1. All but one of (1) closer than 21 Å to S20 by Cβ; (2) at pLDDT 95 or above; (3) surrounded by fewer than 15 Cβ atoms within 10 Å (Cβ to Cβ) hold for L98; state the number of the condition that does not hold.
2. When residues of the range 1-31 are filtered for being in a loop (DSSP other than H, G, I, E, B) and not hydroxyl-bearing (S, T, Y), how many remain?
3. Answer yes if at least one residue in the range 68-88 is surrounded by 15 or more Cβ atoms within 10 Å (Cβ to Cβ), touching a residue at least 40 places away in the same chain (Cβ under 8 Å), in contact with a helix residue (DSSP H, G or I) (Cβ under 7 Å, 6 or more places away or on another chain) and part of a helix (DSSP H, G or I), and no otherwise.
4. Under 8 Å between Cβ atoms, at least 6 apart or on separate chains: pull out the pairs that start in the range 13-33 with a residue that is closer than 10 Å to L63 by Cα and end on any residue that is crowded, with 17+ Cβ neighbours inside 10 Å and charged (D, E, K, R).
5. Out of all the residues in the range 42-54, which are surrounded by fewer than 14 Cβ atoms within 10 Å (Cβ to Cβ) and among the hydrophobic types (A, V, I, L, M, F, W, C)?
6. May I ask you to list the residues in the range 1-37 that are polar (S, T, N, Q) and either surrounded by 14 or more Cβ atoms within 10 Å (Cβ to Cβ) or over 16 Å from V68 (Cα atoms) (or both)?
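The values are calculated or read from the model by the stated rules, or taken from the named source; none is laboratory data. Computed from a predicted model, the values in this text were never measured in an experiment. All Cβ positions, even for glycine, are placed from backbone atoms using ideal geometry, and neighbour counts span all protein chains on display.
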Amino acid sequence: MKTYQLNGTIYYCPVDLTLSVIGGRWQGLIIWTLREESKRFNEIKRSLVNINDKMLSQTLKKLVSQGVLIRKSYNEIPPKVEYSLSPMGKQLLPLFTLMEKWGDERGT
């Protein structure tokens, strides 16, 4: 049986691995929000109306640790941090484009 590994976790199905990255309430929405440009924490929060600071922070950390997002910290005062999609994160965009199309065709 073929196995797949991401961040030390072993998966037995590639779909399971993919869902571990984009599944959940916020992970996919954060990836979609960052599809066109880098954004700061509060810009992402404004895009995701119902998310609280703690959940956004946790989800951003998870996506950074999985290699989906890049966190860039600027050495200035006040501190400035931007999040953007990594090359691996950008590889997920065709999947999200299909999801957008599917949802758009069915949402009435």
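1. The single condition L98 does not satisfy is (2).
2. Initially, the range 1-31 is screened for residues in a loop (DSSP other than H, G, I, E, B), giving 1-3, 7-8, 12-13, 23-26.
Those left that are additionally not hydroxyl-bearing (S, T, Y): 1-2, 7-8, 13, 23-26.
The qualifying residues number 9.
3. No, that holds for no residue.
4. Q27/K62
5. Step one: list which residues in the range 42-54 are surrounded by fewer than 14 Cβ atoms within 10 Å (Cβ to Cβ), which gives 42, 46, 49-50, 52-54.
The answer is V49, and nothing else.
6. Looking only at the range 1-37, we keep the residues that are polar (S, T, N, Q), and these are 3, 5, 7, 9, 18, 20, 27, 33.
Within the range 1-37, T3, T18, S20, Q27, T33 qualify.
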